[in-house]
Every structure is written in C-alpha cells, then in structure tokens.
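Please read the structure below before turning to the comments.
Rule-based calculations on the coordinates, nothing more; no lab input. Here the structure is a predicted model, which means the values were calculated and not measured. Positions of Cβ are generated from backbone atoms using ideal geometry, with glycine treated the same way; all protein chains shown enter the neighbour counts.
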Amino acid sequence: MQTFGLLLDGFAVAVQPVNLMWALVGSLLGTIIGILPGIGPALTIALLLPITTTLEPTSAFIMFAGILYGAMYGGSTTSILLNTPGEAGSMMTALEGNKMARAGRGAAALTTAALGSFVAGTIATLALTFAAPAIAELAFYFKPADYFALTTLAFCSVAVVMGNSRTRGFISLFIGIAIGVIGIDSMSGQPRLTFGVMQLLRGVELTVVLVSLFAVGEMLYVASRFRSAPAAMASVKGQAWFTREDFARSWKPWLRGTLIGFPMGALPGGGSEIPTMLSYTLERKLSRHKDEFGHGAIEGVAGPEAANNAAAAGILVPLLTLGLPTSATAAVLLAAFQNYGLQPGPFLFTSNPALIWGLIASLYIGNVMLLVLNLPLVGIWVQLLRIPRPQLYAGILVFAMIGVWGLAGSWTDLAIMLVIGLMGYVMRVYDFPIAPVLIGLILGPMAETQLRTALAAGQGNPIVLVSTPLSGTLMVIALLFLAVPPLLRRLRANA
Amino acid sequence: MKLSKTLIALAMTAALGTGAASAQVNVMLPAAPGGGWDGTGRQAFQALKDAGIYTDGVNFTNTGGAGGTVGLAEFLGTSTGQPDALAVFGAITVGAIQLNSSPINLADFRPVARLTAEYLVVAVAADSPYNTLADLVADLKADPGAHPIGGGSAGGVDHIAVALLAQEGGIPVADLNYIPQTSGAETVTAIVNGTLTAGVSGTSEFAQFAEQGRIKLLGVTAAERRTNLPDVPTFTEAGYPIELANWRGILAAPGAPDDNYAQWVDRFTQLSKSDAWKAVLETQGWDDYFLAGEDFGAFIAQETATQGKVLKDAGLVN
C-alpha cells in the first residue's frame, strides 16, 4: 500500500491552488485544441515548451497532462456535430456520432462520449497508478513480427467491416497505403511517389488527409446535393438527452474500449488511432443492434471515445516508467522533461516523487474537471447544428483551412487538401468508405517498416512473420476475417 | 457562436504559432517542434537574449522532413541574398542531401557556427555474450547477415558510425545488415527483445537504459571517455580509430551581405563564451563543439567528402 500513500502525497501537491489553476488552464486549452482540427496535443505542448523556463516543473506537467486529456475530450465534439474530427483519435467517433447528431441524437452522442472519456480516463489512470511498471514491460516483448501481424489484422478487419462491399473497402485501404508511402522511405532514404516535388519529401500529413476527407469531401457532397436536400438540419429542440437505454448500451463499450486503449497506448506506435479503430470494429461485431451501425449506433461512439482516453493515459506508462516515448505527444513530453534536466524512468519515481505523483494525482483531478466542463457544454455545442447549412459548412471550410495552414504554413498542404477533398467527394458519391483510407495511411508505413525489419532481421526467411505465438495467432484471425464470410455464403448456398 | 469560434481559432493560431510580427531575424528550423534541431535553435536564441548579445525579435519557422533538406530548400528559395536569415542544420543533413539527390549544396550557404555535438554509443543487450567491441566485430565478420544492427535513418550518422566500424574491422560495408529504426527508443526495445544484435544511438538516449541494466554499452565515438559514462571505452581505445559526432550548427542564407554575416559570426562567437550558453549545454547534456565562420565551412566540406565515401561503400549512393 506504499503506492497509496505516495498517491495521497501526490494529491497534496495537485490540490495546491496554483496547481489546480494550471490543471484548469491545461484542460481548457486541451479542449479547445481538441475541437480545432490540425492543432493536436503534440504541437501545442511543443509550442508551450519555452514557458518551461519560467514555470515550476510540477505545474508545467500538470498543465501538459490537462492538455493531453482535454484534447481527447474536445476531439469528439467536432467529430460528432460537424463530421470533422479534430484529432486522429476521434475519427472513428465521426462515423457513428455524426449520424446520431443528424438523427437528432447529438446530445446523447456527446454525453456518451464525455462520460465514456471520464470512465476510461479514470480507470486508465488507476491502472497507471498501480500497474504501470508491469505494463511498461510489454514494450520489450513485442517483436516486429507481432506488430506486422497486428497491422495485418487491422487492415483485414477494417476493409471487411467498413462499408458495404469488401472490394470497396480494400480499394479505400490501398489508396490510404499509397498516400502513406509518399515521402522519404525511412529504410533506404530514397524518395517515393514525390514526382520531384520537394515538399512531398516529408510525406503527407495525416491531419491534412483527415480534414480534407471529412470536412472538404463532406462539404462538397452537401453542396452538390443541396437543392434536393431538406432545408433544415434535424431539429435539436426537445432532443432526448441521455436515457436509461443509452446508458445500458454504453457502459460495456466504455469498459471494453478502456481495456483495448490502455495497453495499446503503452506500445510503441500504438498511439490513439489503432485502439479506437479496434474498439469500433469490436463493438460492431458484438452489438445486438448491428443494423444501426452506419446509421448512428451509440456503441460506436462509446467504445472508441473510451479507447482514445485510455490510450492517452497508456502513453504515459512507458514514458514515466522507462523514459520510452511511444507517440509524438510522448516524445514532446520527453523533451519537456529534458528541458528541466529530468530523465523520465524508474529513477524519477525515487528521485522526484512529488513531481511524478503530483502529475498522476492531477490526472484524476483533470478528469473530473473535464467532465464538469464538458457536460454542461453539450447543450451549447448542439446549438451549432441550428446554424443554417450554407453558413455552417462555409464556417467549417474556413476553420479546416486555418487548421491545415496552421500545421506548417505550407501552400502545398492546401493544394493537397483540395485534391484529397475532391477525392473524398467522389468516394462519398460512389459509396467508398473513408475510414480504411485513414487506417491505410496511419498503419501502412508502420506495417511496412515492421515487415521489412522482421524480414531483414530474419535474413529474408518469411517464416519469421509467424514465428512468435502472438504473430501466428493474429495472422490466423486475419485470415479468418477474409475467408469465413464467403465460405459461409457458399455453404449456405449449397445447403 | 461560429464567429467566436473562428476568433478563438485565429487567436490560438496567433498565440501558439508564429510569434512576434516585428521579428528581426528569421530562423528556419528544418525539423518538427520538439526535436533536436528545434531545441538547438530555440535554446541558442534564448541564450543570445539572456546573455544580452541579441535581444530583438526572432521569427522561427518549423519545416521538418528528409534530414532537414526540405526546410533548407525552402530557406534557399525564400532567403537567398537576404540579411538576418539563418537556418539550423547538422551532421544528418550532410548524408541526407546525398541520399535524396537533393538539389541543395551546403557549400552555397554561408557557414556561421557549429554549436553542439552529441557522441554515439554502440549497445548490445545486457545478457548478450559480447563484452567488447572486438567481440562484436569478430562475430559480425564471421556472418554479417545474421547479426542485424539498428540505429537512426539510412545514411544518417548512426549508420555512418556502423559503416566506419565495419571498415576498420575489415568487413565489407555492403554486407552489413543495417536496419534503420524510427527512434532511439525503438532501437532499445529491438535490442532488448533480440531483434537486433546491436544498436547505435546518441549517448543521451542510451545512457539511462544502460543504467537500468537493460543494455551494455560497448564503445563511444568520442575522443575521450565521457564523464557520465566512465566505464565505456572509446572506439579508439578499443582498437578502431574512429571519431564521429552528431553535430549541429547554424547557416546563413547564400549570398548574405558580408557585414551582416560577419555580425552573426561574431554574435555566436560571443554566445559560445557566455554563461547563459554554458548553462544550456549543461542542462541539455550537449557537448560544446564550437567552430565559427570559414573554419566551419572547411569542416562541412570535409564531412561531405567522408560521408559521401562511406555512403558509396555502403552501396546507398552511386
């Protein structure tokens, strides 16, 4: 129970008024950047790094933790209401959440997202408090073959589950993988698919694709169908808030999302995207309301939203216990520690307990703060839907362009935004699912690197790809995903 | 509602983004925020300010990618002939230019100052049978393919270090099984779980894992043993006369006016002697590696030749 005593000491640090204030600042800032597409927690913390010269380390990290959690809360808002994910971690939320909002259930979607984030954030913080060192060891057991099998499973499940046909699903997936290939090949240093354009050497930024496919594609689609569409969006007046049934359908996805998100966040390369996607796929498989998926199923919001918050806590595990950054945000946090001359790792727990336990305690406090901040705001956010559509979509477009410009101030990004936005429109018209593009883009480079690492380390022998128990199992499941549905269909036809 | 949101967006972009509009000097940081080059540039200008050497506004631009070549190409386009335009770059840029057949020529820029260095270490798993560099090289020589070595990007300083070690040990560089890793952290995990036989990275990234007892450090590329790693022999001590540093420095725009260029060389020379900069080096764990003006230019030319030869031997460039 030594941990418990240390945690109490941590709370004593975190509830000091000045630290509470920084937690609030961080939570607010995090919520805002979560809502804004293009500005993520990594960039925000990086830009705030200079203030570390004037701020005490404990206060600074309490604020950074607020930003990290707040971004996960805020990201869901624009996903649900405007179909424009503010954060990569909330793209799956857009799939069902936005459908719910259009069916007049925006308030319920926002509530399940906020409550799910709270539940997951709290459970994950508990896990971080008590099981961090054990979980951190996971990072050392996962081999390249395991990662490759994991990404293969993700590819197969996403392409099969999303959309109406697997052919369309796979085409979308391969488009995403192709976009992911653009830039310098990290293994050989050679440029690929850059067509001699210097700016393409650094690859296509995920946020640009995310914003273009969702916001620009959606806007063009709505504009092209505007005349024949009903004049007003679904009314938000008298919307049902969170009902007993909503809760009954949400709590299990919250817990499952947490269970997926937390350990995945702790793995290198895991980040918040893969767990949200796996959570969505899982909920879709397990739901008793399968027919609602694609039309606004609450499980599809509850699970991924819980998963992304749990993953946010997960990335702190290897960072704090091993000094191992597993995502861009964690890498920036590591830089912040180093600015103070601190090296995260097991020694920090003994050399600077007030900082570590103050930070962990502030995660609990920040979570409560965010819930209190976000629940009342739900009522205000849904009012957004009352804005007439031409103005709303024009606003989203301006908003998206500011976000993309803010990334690097690059005209090339805006040009890419236009091209991919047009592609998003065409995909929308011909009923190609968008999510596999993003999965391909995010996981494609990771799958490639891991595949090549595994093969190089195994001197080209393909057996290494299934040489560990985990990789073998995952590969078999991936194959089943592909083979079982057509087999069943054939059997049924013969019977 | 929407107006206020847009205003927030604008305010955020203004507050978080570019900094003062009345900036006096434009600094290109050819890497993402949070990385080594970003830190070098921002810390150097903070120290210039703290030491009272240069206190006017600074406008930073982050354009990351491709070992700094994307940012430098942009810098070349926007700043040629301009005064008060500087860019951060480093050892990795030298190799990246040759690998990507980038149109940039470092000799076109005006060399201001080399500022910092970080030395590299070779590590193996804590339970590995190798206790010296010679043990490792002997097995590598017997079967290079079966002993994958990891480190930073292909053609980067980590790769160059491995290639030089192989050459000294009489192993054909092209036979090495070098697997680039995306970060020092990934290199460590791959060493620990047995994917890699050995790995190369900066001392700061590996030192703590050695302290935790997860990896063994076999050698460091510095001229003398490091004070924080007294038990790790240098490559030269181990019988491989190699000295290699991951250095970082500052360039001025091609064709920058002479008086303005001389002023910046002078400012950075003052910086290198200031207490503010010494404090930065101390907290960041960077080594002082100062060299200014034309001497630095000669150093860049020499690095370009050495790295080019190694890359050619490794079969990475023609």
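Give me the distance in nm between label points sitting 7 Å out from Cα along the Cα-to-Cβ direction at residue B:295 and residue A:470, one decimal.
Between residue B:295 and residue A:470, the label points sit 5.1 nm apart.
Can you list the aspartates and glutamates whose alpha carbon sits under 14 Å from that of residue B:216, skipping same-chain ones fewer than 8 residues off?
By straight Cα distance, residue B:216 reaches B:127, B:135, B:205, B:231.
With a sphere of radius 13 Å drawn around the Cβ of residue B:44, what net charge do the other residues whose Cβ falls strictly inside it have (Lys, Arg +1; Asp, Glu -1)?
On the way: positive: B:42, B:49, B:114, B:248, B:267, B:278; negative: B:38, B:50, B:288.
That sum, taken over residues with Cβ under 13 Å, equals +3.
I want the local charge near residue B:84. Using Cβ-Cβ distances under 13 Å, sum +1 for each Lys or Arg and -1 for each Asp or Glu among the other residues.
Once positives and negatives cancel, what remains is 0.
May I ask you to derive the FRET efficiency for residue B:275 and residue A:138 from their Cβ-Cβ distance with R0 = 41 Å, giving the value to the nearest 0.05? Present the calculation step by step, with values, prior to reporting the outcome.
Working: r = 44 Å, r/R0 = 1.08.
E between residue B:275 and residue A:138, to the nearest 0.05, is 0.40.
With a cut-off of at most 16 other beta carbons within 10 Å, and DSSP calling the residue loop, which trypsin sites (Lys or Arg not before Pro) in the range B:191-250 qualify? Please list them. Intermediate results must be reported in sequence, preceding the final value.
Numbers: sites: B:214, B:216, B:225, B:226, B:248; in loops: B:214, B:225.
In loop regions of the range B:191-250 (DSSP not H, G, I, E or B), the sparsely surrounded trypsin sites (Lys or Arg not before Pro) are B:225.
Under unit Cβ charges (Lys, Arg +1; Asp, Glu -1), what dipole magnitude, rounded to 20 debye, does the protein assembly as shown have relative to its Cα centre? Provide the component values of the computation, followed by the final result.
Numbers: 43 positive and 52 negative charges, 774 e Å.
For the protein assembly as shown, the charge dipole is close to 3720 debye.
If we count chymotrypsin sites (Phe, Trp or Tyr not before Pro) as exposed when they sit in a DSSP loop and have at most 15 other beta carbons within 10 Å, what is the longest stretch of chain A that avoids them all?
Working: sites that count: A:141, A:195, A:226, A:241, A:430.
It works out to A:242-429.
Rounded to two decimals, what ratio of Rg to Rh does the range B:118-220 give with C-alpha atoms and a Kirkwood Rh? The partial results should precede the final answer.
Values: Rg = 12.0 Å, Rh = 13.1 Å.
Rounded to two decimals, Rg/Rh equals 0.92.
Hey, with R₀ at 22 Å, roughly what FRET efficiency would residue B:211 and residue B:141 work out to, going by the Cβ-Cβ distance, to 0.05? Don't skip to the end; give the middle numbers.
On the way: r = 30 Å, r/R0 = 1.38.
E(calc), rounded to 0.05, equals 0.10.
Rounded to the nearest 5, what % of the DSSP beta bridges within the range B:118-220 are antiparallel ones?
On the way: 10 of 15 bridges.
Approximately 65 percent, going by the DSSP bridge assignments.
Summing -39500 (n - 2.57) over the DSSP H runs of n ≥ 4 in the protein assembly as shown and dividing by its residue number, what mean residue ellipticity at 222 nm do you reach, to the nearest 500 deg cm²/dmol? Please list the in-between numbers first.
On the way: 32 runs with 488 residues, N = 813.
Computed mean residue ellipticity for the protein assembly as shown: -19500 deg cm²/dmol.
Spelling out what I want: for every residue of the range B:252-265, take phi, set θ = phi - 60°, compute 6.51 cos²θ - 1.76 cosθ + 1.60 (Karplus), and round to whole Hz; glycine and proline get x.
Whole-Hz 3J(HN,Hα) from phi for the range B:252-265: 9, 5, x, x, 4, x, 4, 5, 5, 4, 4, 4, 5, 4.
Computed from the mean reciprocal separation of all distinct C-alpha pairs, what Kirkwood hydrodynamic radius does the protein assembly as shown have, in Å?
27.4
Please compute the net charge surrounding residue B:296, taking Lys and Arg as +1 and Asp and Glu as -1 over other residues with Cβ under 11 Å from its Cβ.
On the way: positive: B:110, B:114; negative: B:294, B:295, B:303.
Charge balance near residue B:296 sits at -1.
Counting pairwise Cα distances across the range A:420-495, what percent come out greater than 22 angstrom? Please report the intermediate quantities before stating the final value.
Numbers: 1467 of 2850 pairs.
Beyond 22 Å sits 51 percent of the P(r) for the range A:420-495.
Taking the simple approach of a point 7 Å from Cα along Cα-to-Cβ for both residue B:258 and residue A:354, what is their distance in nm?
Inter-label distance under the simple model: 5.8 nm.
Can you give the Rg and Dmax of the range A:50-184 based on its C-alpha atoms, in angstrom?
That works out to 19.0, 56 Å for Rg and Dmax.
Mind pulling the per residue volume of the convex hull built on the Cα atoms of chain B? Å³ is fine. Show your work: numbers first, answer last.
Details: hull volume 49.5 nm³, N = 318.
Once divided by residue count, the hull of chain B is 156 Å³.
May I ask for the distance between the Cα centers of the range A:54-75 and the range A:373-432, given as a whole number of Å?
26
For residue A:286 and residue B:266, what is the calculated FRET efficiency with R₀ set at 45 Å and r taken between the beta-carbons, to the nearest 0.05?
Values: r = 69 Å, r/R0 = 1.53.
Approximately 0.05, to the nearest 0.05.
In whole angstrom, how far apart do the alpha carbon centroids of the range A:114-134 and the range B:26-98 sit?
Centre-to-centre (Cα) distance: 40 Å.
Just tell me how shielded A:451-458 is by partners: mean number of partner chain Cβ atoms within 10 Å of each residue's Cβ, no decimals.
Details: counts 0, 2, 10, 2, 1, 9, 11, 3.
Neighbouring Cβ atoms belonging to other protein chains average 5 per residue here.
Extension gain residue A:383-residue A:178, at 0.36 nm per residue separation less the Cα-Cα distance, in nm? Spell out each step's value before the answer.
Values: separation 205, 0.36 × 205 = 73.80 nm, distance 3.90 nm.
Full extension from residue A:383 to residue A:178 adds 69.9 nm.
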